[in-house]
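Undergrad: Have a look at this one before I ask anything.
The values are calculated or read from the model by the stated rules, or taken from the named source; none is laboratory data. Remember, it's a predicted structure, so these values are computed and weren't measured experimentally. Neighbour counts run over all protein chains shown; Cβ positions are idealised from the backbone, glycine included. For accessibility, only protein heavy atoms count, side chains too; no ligands or nucleic acids. Shrake-Rupley method; radii C 1.70, N 1.55, O 1.52, S 1.80 Å.
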Amino acid sequence: MHDWLARLLSNLDAWFVLGVVGQVMFSGRFLVQWLVSEKHAKSIVPVAFWYLSIAGGICLMVYGLKRAEPIIILGQSFGLIVYARNLYFIHREKRDAKTETIPSVVAE
């Protein structure tokens with residue numbers, strides 16, 4: 001156990017910290033989703049879930065690229081596309097909703 005802990009602590013550098021920060025953000029998204037769902041007593045995926053997903057995913061991708069970890073790179077590459085696409089849909093829906101509330105005379 002002592003050797004394992006010594007090896008773990010010997011890897012402490014800025015890249016290690018980036019990887020840990022990314023993993024905490026990435027995992028934290030589930031805590032956010034759970035708390036919001038509990039508050040509303042139904043399953044809800046808040047926008048913060050997608051922002052934490054993309055921020056954590058980017059940190060983990062950069063970490064994986066730096067460490068040349070193909071499993072992390074593969075795991076994050078597809079996910080980042082999905083997270084970005086979901087944020088695009090959310091912002092497009094909000095933009096379209098604002099446009100629909102503007103009277104047609106003003107919009108033209």
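Undergrad: So which residues in the stretch 1-30 are of a type outside the set (F, W, Y) and either part of a loop (DSSP other than H, G, I, E, B) or open to solvent by 90 Å² or more (accessible area, probe 1.4 Å) (or both)?
TA: M1, H2, D3, R7, L9, N11, L12, D13, V24, listed by residue number.
Undergrad: Suppose the filter is in contact (Cβ under 8 Å) with a residue 24 or more places away in the chain and either within 12 Å of the chain's Cα centre (by Cα) or farther than 25 Å from I90 by Cα (or both); does A48 pass it? Break it down into steps so the answer makes sense when it comes.
TA: On the way: in contact (Cβ under 8 Å) with a residue 24 or more places away in the chain: no; either within 12 Å of the chain's Cα centre (by Cα) or farther than 25 Å from I90 by Cα (or both): yes.
Taking the combined requirement at face value, the residue does not satisfy it.
Undergrad: Another question about this same structure. Can you name every residue in the stretch 33-88 that is in a helix (DSSP H, G or I), among the β-branched types (V, I, T) and either open to solvent by 80 Å² or more (accessible area, probe 1.4 Å) or more than 16 Å from Q23 (Cβ to Cβ) (or both)?
TA: Correct list: V36, V47, I58, I71, I81, V82.
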